[in-house]
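I have placed the structure first, in the form of structure tokens, so that the comments after it can refer back to it.
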Amino acid sequence: MAAKKDKTPYMLELCLIIIAVIVALPIYYLLVTTLKTPEEAVASPLGLPHHWTFGNYAEAWNMMRYPKVFMNNFIITFFSLIGCTLLPCMAAYGFARSRNWLSKLLFLAIIAGLVVPFQIALIPLYKLISTLHLMNTLWAVIVVNISVTIPFNVFLFINFVKSLPLEVEESASIDGAGVIGSFFRIVLPLMQPVIASAAILNSLTFWNDFMGPLLFLQTRDKAVILQEVYRNIGQFSTNWTAFFPMMVLGVAPLLIFYIIMQKYIIKGIAAGSVKG
């Protein structure tokens, strides 16, 4: 038994190493290919480049018109995040603190959106966006993003609000704070951990969204990063040394955002703790 117990940590380390290699291999292949010439990428897919070149990134930057598509991506993600966090926070607070039957009915109606696949609503959404004259505008994608993510975020936030102690809000009401004051001064700061978590999940969805921009953004001037990446995939052949740098340029801002938000999650947890 002792021998088996001694081997357990080594077996665990071996499994972790194998998993790390499996995860790191595609990333290695992606990054190495961006530094090769097309001939080297075909001749030695996993080998290191003989002549390191960063010209592929410059070519991808120009082909994608990166500053323009990056700004489109940023505007869509930024305003979508504001809408899909602030509105569900307010709704969740109202649902959590209300006891009447109407609020329960409205809550069930919103949560019902979780069981409706986005693909089923594509045609009605297309007609609605056309009726509102938002077609080929960034606001079309922003409105759709917010409406699609509201049900999940309300479901996520309401459980967190219910876990907050009522005594803090009651103390604020004694000091003269109304419902709106209690929400913005007390409840919203305490919700920082769950807001940060929702922001990370939603930012991944918004930044990497392809279906929405494909349907509602019809000119290249309004295109996002994934649309430009898709345009550079040939029907019969693809220049992988130009395609992979586009993928890196598309993912890099999201990785930076994750690193920044990681710090705020930890700060939000500390700020949101309530000591009895």
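Over the chain, DSSP H runs of length four or greater, each weighted -39,500 (n - 2.57), average out per residue to a 222 nm ellipticity of -24000 deg cm²/dmol.
Once you reduce region 161-186 and region 79-117 to the center of their Cα atoms, the two points are 19 Å from each other.
For a quick protection proxy, order the peptides 131-139, 64-72 by their average other-Cβ count within 10 Å, most packed first. Don't skip to the answer; put the middle values down first.
Numbers: 131-139: 13.7, 64-72: 17.2.
Ranked by mean Cβ neighbours within 10 Å, highest first: 64-72, 131-139.
For region 1-96, what class follows from the C-alpha gyration tensor (a ≥ b ≥ c being the square roots of its eigenvalues): rounded when a/c is under 1.5, otherwise prolate if a/b is larger than b/c, else oblate? Oblate, since a/c reaches 1.5 and b/c is not below a/b. Accessible surface computed residue by residue for region 166-256, with neighbouring protein chains in place and a 1.4 Å probe, gives 51 Å² per residue. Given the alternatives (1) 22.4; (2) 19.0; (3) 19.7, Kirkwood radius over Cα pairs in Å as computed for this entry is given by (1). Using a Gaussian network model on the chain with a 10 Å cutoff between Cα atoms, which of G83, G47, G250 fluctuates the most? Looking only at G83, G47, G250, the biggest GNM fluctuation is shown by G47.
Relative to the longest principal axis of the Cα atoms of the chain, the long axis of helix 192-207 lies at roughly 40 degrees. Tell me which of S203, L108, N136 sits at the most positive position along the dipole axis of the chain, charges placed on C-beta atoms (Lys, Arg +1; Asp, Glu -1). Most positive-ward Cα: L108.
The values are calculated or read from the model by the stated rules, or taken from the named source; none is laboratory data. On a predicted model such as this, the values are computed, not experimentally measured, just so you know. Glycine also receives a Cβ, built like all others from the backbone with ideal geometry; neighbour counts cover every protein chain displayed. When the accessible area is computed, the model is the full protein with side chains, heavy atoms only, and any ligands, DNA or RNA have been set aside. Shrake-Rupley method; radii C 1.70, N 1.55, O 1.52, S 1.80 Å.
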